[in-house]
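Step one of this worksheet: look at the structure below.
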Amino acid sequence: MSKWQKSVAVVGGGPAGLFAAEILSRAGVRVTVHDRMATTGRKLLMAGRGGLNLTHSEPLETFLGRYGSAEAFLTPVIQAFPPAALRDWAAGLGQQTFVGSSGRVFPQSLKASPLLRAWLRRLGEQSVEFRLGSEWRGESLDADATLLALGGASYPRLGSDGSWTGILAAKGIVLSPLRPANCGFKVQWSHLFKERFQGQPLKSIALSFTDRIVRGEAMITADGIEGGAVYALSSALRDAIAADGQAIIEIDLCPDRSPDDLAKALARPRGALSQSNFLRKVLRLSPLAINLLRETGQPAEKLKSLPLTLTAPQSIERAISSAGGIQLSELDENFMIKRLPGIFAAGEMLDWEAPTGGYLLQAVFASGAAAARGILRWLDGVTS
Ligand SMILES: Cc1cc2nc3c(=O)[nH]c(=O)nc-3n(C[C@H](O)[C@H](O)[C@H](O)COP(=O)(O)OP(=O)(O)OC[C@H]3O[C@@H](n4cnc5c(N)ncnc54)[C@H](O)[C@@H]3O)c2cc1C
């Protein structure tokens, strides 16, 4: 079936919009991608700076469990475009992928730029047109259907600033507020601690909050703490702070020692060693770890459960992603916004969130694919 007589405006040239544009144009639809920025895929390129974690290799059931309350919505979406399909797609653009030691999947180049270049070339060959530097402000576009793929609100300088929330709310669409996800948190460090340790990593630690324990790293910032282990707990921490005004995490500075082992080490005679030198020599703690104990006013017995009070999430501008967006119940089975016939939505602007690990891009691509299939079905329905 050729749909050349039909046209779709895709607004937002991030991975969700570009992937929908690829599927639609391959099906014979005339596609124009609009983006407010002068080039597309800026956030994808930024993700490439961290190696471009495209997806994850764990079993699909475990994978789907990472989406929390959006799991039921995203399960058929990701089953229709699973991690293996995303890896095949990248390979088709010349970017073979590999599984890292953590199970995360990356392109061998550990970059996004070669992938994006090959992708844009393919879209050009499929006659996709680009209207760049063109900001959508809520107007109807000259097309048979419109796909909104406007992203969330993290890193707004890359193009997605969440300004679409006001436009859609004014049209009666129910949204959850955009909130930082995979973000750092504020801690009131003393001046001395901040001056000496900002920018330094706390390596090989475990963080715990409620019943979750995460091993990894964290970074001290001028006004708080960030990094992989913090991001992994961030949605629960953010929600706890919203409810209670603060959240207390516990830091295990010696996760490889059992509590007994630690107690025995601490009971050893110190001789003339100061407490700091004793901790450095006997427990091999870093100056940062030793000073964190001092900063929090805790005794060495608390090295495996150092409480740290977080007072607020860092701003959404510095978050890896955002939670919130168009509530999933606003969409029909074609990813069309029920109250706005002919207007569809995909990607991070929908109300789901996920941890880092490749879960973000996987759901972004899969939802772009689902919206493209929905648009094709809808165009079929309205033309027949
Ligand atoms: C530093 C960083 C590292 C990341 N690393 C990873 C990673 O390794 N793995 C992973 O899975 N995810 C990662 N992510 C997250 C991932 O990049 C995003 O989830 C993904 O890019 C979202 O895709 P999207 O297409 O929905 O939106 P975006 O990529 O945000 O694209 C939306 C597009 O819409 C355009 N736009 C917005 N508003 C308008 C408007 N009004 N008019 C016209 N155009 C508009 C924007 O300019 C933008 O081009 C990372 C994010 C950041 C910030």
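The values are calculated or read from the model by the stated rules, or taken from the named source; none is laboratory data. All values derive from a computational prediction rather than experimental measurement. Every residue, glycine among them, receives a Cβ derived from its backbone with ideal geometry; neighbour counts consider all protein chains shown. Quick note on the areas: whole protein, heavy atoms, side chains included, nothing else; ligands and nucleic acids left out. Shrake-Rupley method; radii C 1.70, N 1.55, O 1.52, S 1.80 Å.
A full extension of the chain between Leu192 and Ser305 corresponds to an added length of 38.4 nm, given 0.36 nm per residue minus the alpha carbon distance.
Per residue, the solvent-accessible area of the chain (1.4 Å probe, heavy atoms of protein chains only, all protein chains present) comes to 44 Å². The Cβ shell under 12 Å around Glu217 holds other residues with a net charge of +1, Lys and Arg each +1, Asp and Glu each -1.
Once you order the gyration tensor axes a ≥ b ≥ c over the Cα atoms, which shape class does the stretch 143-223 get: rounded for a/c under 1.5, otherwise prolate or oblate by comparing a/b with b/c? It is prolate, given that a/c is not under 1.5 and a/b is the larger ratio. For the chain, modelled as a GNM with alpha-carbon contacts under 10 angstrom, which of Leu74, Leu306, Leu279 fluctuates the most? Checking each option, the largest mean-square fluctuation is seen for Leu279. Rg ratio for the stretch 90-147: its Cα radius of gyration over 2.2 N^0.38 Å, N being its residue count, equals 1.60.
Each of Met37, Met219 has its accessible area taken with a 1.4 Å probe; listed largest first, they run Met219, Met37. Among the GluC sites (Glu not before Pro) in the stretch 128-218, those located in a DSSP loop and surrounded by at most 16 other Cβ atoms within 10 Å of their own Cβ are Glu135, Glu139. Cross-link partners for Lys43 among the lysines, with Cα-Cα distance under 21 Å and sequence neighbours closer than 8 places in the same chain left out: Lys111.
According to the Kirkwood relation over distinct C-alpha pairs, the hydrodynamic radius of the chain is 22.5 Å.
So for the chain: antiparallel DSSP bridges make up what percent, rounded to the nearest 5? Taking every DSSP beta bridge with both residues in the chain, the antiparallel ones total about 65 percent. Under a Gaussian network description of the chain, with springs only between Cα atoms under 10 Å, the residue in Arg30, Arg131, Arg257 that fluctuates furthest is Arg257.
By the rule of a C-alpha distance below 23 Å, with chain neighbours fewer than 8 residues away ignored, the lysines paired with Lys281 are Lys203, Lys264, Lys302, Lys304. Applying D = kT/(6 pi eta Rh) to the stretch 15-119, where Rh is the Kirkwood radius over alpha-carbon pairs, T corresponds to 4 °C and eta to 1.567 mPa s, the Stokes-Einstein value obtained is 86 µm²/s.
When only Cα pairs below 8 angstrom with a gap of at least 6 residues are kept, the chain shows a relative contact order of 25 percent.
Once the Cβ-Cβ distance of Thr62 and Glu125 is raised to the sixth power relative to R0 = 35 Å, the FRET efficiency obtained is 0.40. What lysines could a cross-link reach from Lys6, if we take a straight Cα to Cα line under 27 Å and drop same-chain neighbours fewer than 8 places away? Of all the lysines, those that pass the test against Lys6 - Cα under 27 Å, at least 8 places apart if same chain - are Lys171, Lys338.
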